[in-house]
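The structure under discussion appears below in the form of structure tokens.
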Amino acid sequence: MNINSIQKKPRSRLHSIKIFAPATVANVSCGFDILGFAVDAPGDEVILRLTDTPGVKILEITGDNGKLPLQAAKNTVGASIISMLKFLGSNQGVEIILHKKMPLGSGLGSSAASSAAGAVGLNHLLNTQLTKQQLVTFAMEGERVACGTAHADNVAPAIFGGFTLVRSYNPLDIIPIHTPPELYCSIIHPNIEVSTKAAREILSPSVKLADAVVQWGNVAGLIAGLMSNNYELISRSMQDVIIEPVRQQLIPGFSMIKQAALSNGALGAGISGSGPSIFALSRNIKTAEIVAQAMQHAYNQTHLNSEIYVSKINHNGVTIL
Ligand code: HSE
């Protein structure tokens, strides 16, 4: 048989899938709204089902203490799916079950995980074969619903996996960035909530030119360090002179925790997304584990509870279970 005469068989249509969507660390110190990476844990689980009745419905949400809206248009996963169906001109019915397995308002990309799961899951169910970058645009609508701004620095790594750079928002241009093989992340999540909306409202809309020069030097240095496996350069570049000095007031014990990470061998540390979680990058898992313990030990002095996570950079992003 002539190879050219073989027809590609359309995949038989799936009706239901379960999806895992990972937590993400956005900003990575110097890259406010443009840098982020995915981690292995924690993460959300989402079940999507196609139905014959048009409309997007959330049937159940667990793990949110009743805090998330069940109305699809107001929920990140629903908003992401609605935006994708609109783009496709489809009135396909979709039912959603959302198992939140990470804390809300944690700075770990909780809203992004659900949004990303919605876009990737629907793409898979409908076999629409949209590009990852297209899926990011739908997931960004989930972020808009969650905090008022359609930022992409959490949804891009959740969908692409690995470390990503949002080179431009208009037009959207996502660049996957190589990460060195021995790079590990430690995260401490203090048991307090910080709303991304509130953490954005305290930021000044303008920056001093001298600070901008320092910041874009560090962004370029961090990318160069990641791409050339230069751990020393990564370490020197993990400085944020614009956002961290303002936001650290929202996190009790921030300086102590950061100092504990650095003095226990971390390459660098900073606020994860809009906080309150704090992340550190280390060269090898052993150091990352010591750093996580040290951060938690320092935070214990505030007499507040916390969880810690240690993970390699997650290169898979959202996965179908
Ligand atoms: N870049 C966003 C911010 C991330 O820092 O506000 C929010 O998770």
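So the values come out like this:
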{"item": "Residue 173 among the acidic types (Asp, Glu) and buried (at least 23 other Cβ atoms within 10 Å of the Cβ)", "result": "no"}
{"item": "Filter pass, residue 97 being more than 13 Å from the ligand (Cβ to nearest atom), β-branched (Val, Ile, Thr), over 22 Å from residue 26 (Cβ atoms) and outside the structural domain of residue 275 (by TED's automatic domain parsing)", "result": "yes"}
{"item": "Which listed residue, of 58, 82, is open to solvent by 40 Å² or more (accessible area, probe 1.4 Å), touching a residue at least 40 places away in the same chain (Cβ under 8 Å) and not assigned by TED's automatic domain parsing to the domain that holds residue 207", "result": "82"}
{"item": "Qualifying positions in region 27-78 - away from the ligand (no atom under 16 Å from the Cβ) and small (Gly, Ala, Ser)", "result": "41, 55, 63, 66, 72, 73, 78"}
{"item": "Pair list, Cβ < 6 Å and 6+ apart or interchain, from region 19-34 residues that are farther than 20 Å from residue 119 by Cα to residues that are open to solvent by 10 Å² or more (accessible area, probe 1.4 Å) and among the acidic types (Asp, Glu)", "result": "29/240; 30/240"}
{"item": "Counted residues, region 166-202 - those being of a type in the set (Lys, Arg) and either farther than 19 Å from residue 247 by Cβ or not assigned by TED's automatic domain parsing to the domain that holds residue 220 (or both)", "result": "1"}
{"item": "Pairs, first small (Gly, Ala, Ser) and modelled with pLDDT under 95 in region 150-166, second part of a strand (DSSP E or B) and near the ligand (Cβ under 10 Å from one of its atoms), C-beta under 9 Å, six or more apart", "result": "none"}
{"item": "Residue 301 being modelled with pLDDT of 95 or more, open to solvent by 20 Å² or more (accessible area, probe 1.4 Å) and of a type outside the set (Ser, Thr, Tyr)", "result": "no"}
{"item": "Residue satisfying condition, being over 14 Å from residue 27 (Cβ atoms), over 18 Å from the mean Cα position of the chain (by Cα) and outside the structural domain of residue 38 (by TED's automatic domain parsing), within set 245, 205", "result": "205"}
{"item": "Test: residue in region 82-89 that is within 12 Å of the ligand (Cβ to nearest atom) and at pLDDT 95 or above", "result": "no"}
{"item": "Matching entry among 312, 286 (being in a strand (DSSP E or B) and open to solvent by 50 Å² or more (accessible area, probe 1.4 Å))", "result": "312"}
{"item": "Unique match (being open to solvent by 10 Å² or more (accessible area, probe 1.4 Å), more than 12 Å from residue 121 (Cβ to Cβ) and modelled with pLDDT of 95 or more) among 3, 34", "result": "34"}
{"item": "Answer from 73, 41 - the residue that is surrounded by fewer than 16 Cβ atoms within 10 Å (Cβ to Cβ), in the same structural domain as residue 132 (by TED's automatic domain parsing), farther than 19 Å from residue 174 by Cβ and under 13 Å from the mean Cα position of the chain (by Cα)", "result": "41"}
{"item": "Criterion: among the hydrophobic types (A, V, I, L, M, F, W, C), over 20 Å from residue 39 (Cβ atoms) and in contact (Cβ under 8 Å) with a residue 24 or more places away in the chain - qualifying residue of 238, 256", "result": "256"}
{"item": "Count - residues of region 102-129 that are within 25 Å of residue 90 (Cα to Cα), touching a residue at least 24 places away in the same chain (Cβ under 8 Å) and part of a loop (DSSP other than H, G, I, E, B)", "result": "2"}
{"item": "Residues that are in contact (Cβ under 8 Å) with a residue 60 or more places away in the chain and within 22 Å of residue 261 (Cβ to Cβ), drawn from region 194-220", "result": "194, 199, 215, 218, 219"}
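Condition check ((1) more than 11 Å from the chain's Cα centre (by Cα); (2) among the hydrophobic types (A, V, I, L, M, F, W, C); (3) within 15 Å of the ligand (Cβ to nearest atom)) across all residues:
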residue	(1), (2), (3)
102	yes, yes, yes
129	yes, no, no
134	yes, no, no
142	yes, no, yes
149	yes, no, yes
161	no, no, no
165	yes, yes, yes
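The values are calculated or read from the model by the stated rules, or taken from the named source; none is laboratory data. These numbers come from a predicted model, not from an experiment. Reconstructed Cβ throughout: ideal geometry from the backbone, glycine too, with neighbour counts over all protein chains shown. Quick note on the areas: whole protein, heavy atoms, side chains included, nothing else; ligands and nucleic acids left out. Shrake-Rupley method; radii C 1.70, N 1.55, O 1.52, S 1.80 Å.
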